[in-house]
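K.L.:
Dropping the structure in here first, questions after.
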Amino acid sequence: MRILKLLLLVVVLGTGTATTIMYSGIVNVAADEPHSDFVYWLLEETRESSIKKAAQNIKVPDLEDPEMLLMGGTDYEFMCSSCHLKPGQSESDMSIGLYPAPPNLTLSNEEHVGHEHENDEQASRKSFWVIKHGIKASAMPAWGKTHDDERIWAMVAFIKRLPTLTQEQYQILTAVE
């Protein structure tokens with residue numbers, strides 16, 4: 001009985017604390033003020049674990065088809081480049097203003113913190129899942145609501161090649177006829 005009372009007390013105190021924090025306005029939600037290190041770590045770990053689990057059984061098609069690269073390049077230019085950048089670009093008005101900052105997809109996986117040990121297939125599955133479903137409270141939209149899987153895989157194929165592209169190659173692959 002004593003353990004039950006203690007558990008009830010912890011639940012009531014926890015609920016009261018959470019409610020006080022939620023409605024007091026003391027948590028700063030401004031995008032130009034970073035989270036504390038602990039909160040940032042907690043959110044990053046939660047996001048990464050969630051994406052990894054959700055994407056683990058996705059079947060990756062052959063991403064080497066040149067047609068996929070061309071289709072994905074056009075979509076990347078119009079839908080992604082303002083946040084995730086182009087070759088030769090280190091920032092944009094969008095990338096500067098977003099928090100957390102969107103990853104610079106012109107960099108290789110090894111250059112992204114936390115992605116050093118991913119293989120190509122893991123990275124492709126996760127990219128597909130993120131593009132299709134988006135990420136809450138991050139400005140990453142769910143493109144699966146407007147794009148079929150084939151088109152999303154084409155974007156994944158393009159993103160996979162993006163770190164190796166020169167500015168000139170990027171222009172050719174993203175040109176609209």
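K.L.:
Looking at the structure I just gave you, is I21 surrounded by fewer than 10 Cβ atoms within 10 Å (Cβ to Cβ) and over 30 Å from E118 (Cα atoms)?
P.N.:
no
K.L.:
Another question, then. Return the residues of segment 83-92 that are surrounded by fewer than 18 Cβ atoms within 10 Å (Cβ to Cβ) and within 11 Å of L105 (Cα to Cα); say none if nothing qualifies.
P.N.:
Result: P87, Q89, S90.
K.L.:
Would you confirm whether or not segment 78-85 contains a residue that is in a loop (DSSP other than H, G, I, E, B), modelled with pLDDT under 95 and of a type outside the set (G, A, S)?
P.N.:
no
K.L.:
List, please: which pairs have Cβ atoms under 8 Å, are six or more places apart or on different chains, and start with a residue in segment 32-60 that is over 19 Å from I135 (Cα atoms) and end with one that is outside any loop (DSSP other than H, G, I, E, B) and hydroxyl-bearing (S, T, Y)?
P.N.:
Matching pairs, first to second residue: V60/S124.
K.L.:
Okay, moving on. Can you tell me how many residues within segment 68-91 are more than 15 Å from M140 (Cβ to Cβ) and either of a type in the set (S, T, N, Q) or touching a residue at least 24 places away in the same chain (Cβ under 8 Å) (or both)?
P.N.:
13
K.L.:
Could you count how many residues in segment 46-72 are surrounded by 10 or more Cβ atoms within 10 Å (Cβ to Cβ), part of a helix (DSSP H, G or I) and more than 18 Å from the chain's Cα centre (by Cα)?
P.N.:
Result for segment 46-72: 4.
K.L.:
Restricting the first residue to segment 164-177 and requiring it to be more than 15 Å from P66 (Cα to Cα), which pairs with a second residue that is among the basic types (K, R) meet a Cβ separation below 8 Å and a spacing of at least six or different chains?
P.N.:
Going by the 8 Å Cβ cut-off, the qualifying pairs are Q167/K86.
K.L.:
Take K160 and tell me if it is part of a helix (DSSP H, G or I), under 21 Å from D62 (Cα atoms) and touching a residue at least 60 places away in the same chain (Cβ under 8 Å).
P.N.:
It is true that K160 is part of a helix (DSSP H, G or I), under 21 Å from D62 (Cα atoms) and touching a residue at least 60 places away in the same chain (Cβ under 8 Å).
The values are calculated or read from the model by the stated rules, or taken from the named source; none is laboratory data. Please read these numbers as outputs of a predicted model, since none were measured by experiment. Note that each Cβ is placed from the backbone with ideal geometry, even for glycine, and that neighbours are counted across all protein chains shown.
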